[in-house]
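Contents: one structure, followed by commentary.
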Amino acid sequence: MTSESPGRSSALTDAQLVQRCRAGDADAWNELVERFSRYVYAICTRGFRLVDEDAEDVFQEVFTRVYANLDRLRDDAALRPWIAQLTRRLCIDSIAKRGRELPEGEPLAEETAAELEEIDDAFVVREAMANLSNACQDILDRFFARDQSYRTISQELDIPSGTIASRIARCLGKLRVELEGRNEPSGPSSG
């Protein structure tokens, strides 16, 4: 039995989301913006160190252009790289408008490229975590993102302290399976 919460389309692939957006589904568009908003903002603020005002301008322009040009996307599954590239270009434009200099020859410094890769990796992990049970999402979020101790988690979830480590390990195993599944080539299998 599968049940999907009304209005919750996070189980959709990027390609399915794009198709629904093209069909005029307003909920799908809202999901697209929600799914990629942190990613775009992180590229602006962490990757390019834009001030909030400039980051907000780039953010709005990115989603305006995504909306206007969604029909031009050749590979629906390539939504995230397309949004990332668009965001990077608009960040560079914003820097240029403000008169800040870019390194000669290469628009992204080595440090910025590493920061963008870290943002991209975090986004992939976040997408994979969305496929885990709510209990796994909660315990991994508490331990890794909120940096809560076993004791705090135990008290807040009313779970024995000794159980926390095994649950984290089990949930990390499930997350690993999700992440490894993303690296497998798609297409016909030969075995």
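The values are calculated or read from the model by the stated rules, or taken from the named source; none is laboratory data. None of the values given here were measured: they were computed from a predicted structure. Every residue, glycine among them, receives a Cβ derived from its backbone with ideal geometry; neighbour counts consider all protein chains shown. Side chains are part of the model used for accessible areas, which takes the heavy atoms of the whole protein and leaves out ligands, DNA and RNA. Shrake-Rupley method; radii C 1.70, N 1.55, O 1.52, S 1.80 Å.
Annotations
- Scanning the range 145-168 for residues that are of a type outside the set (Lys, Arg) and either open to solvent by 60 Å² or more (accessible area, probe 1.4 Å) or farther than 15 Å from Ala135 by Cα (or both) returns Ala145, Asp147, Gln148, Ser149, Tyr150, Thr152, Gln155, Glu156, Asp158, Pro160, Ser161, Gly162.
- Counted residues, the range 57-87 - those being of a type in the set (Asp, Glu) and outside any helix (DSSP H, G or I): 1
- The single condition among (1) modelled with pLDDT under 90; (2) farther than 21 Å from Asn131 by Cβ; (3) of a type in the set (A, V, I, L, M, F, W, C) that Cys44 does not satisfy is (1).
- Any hit, the range 100-107, residues being touching a helix residue (DSSP H, G or I) at 6+ places or on another chain (Cβ under 9 Å), at pLDDT below 80, assigned to a helix (DSSP H, G or I) and open to solvent by less than 100 Å² (accessible area, probe 1.4 Å): no
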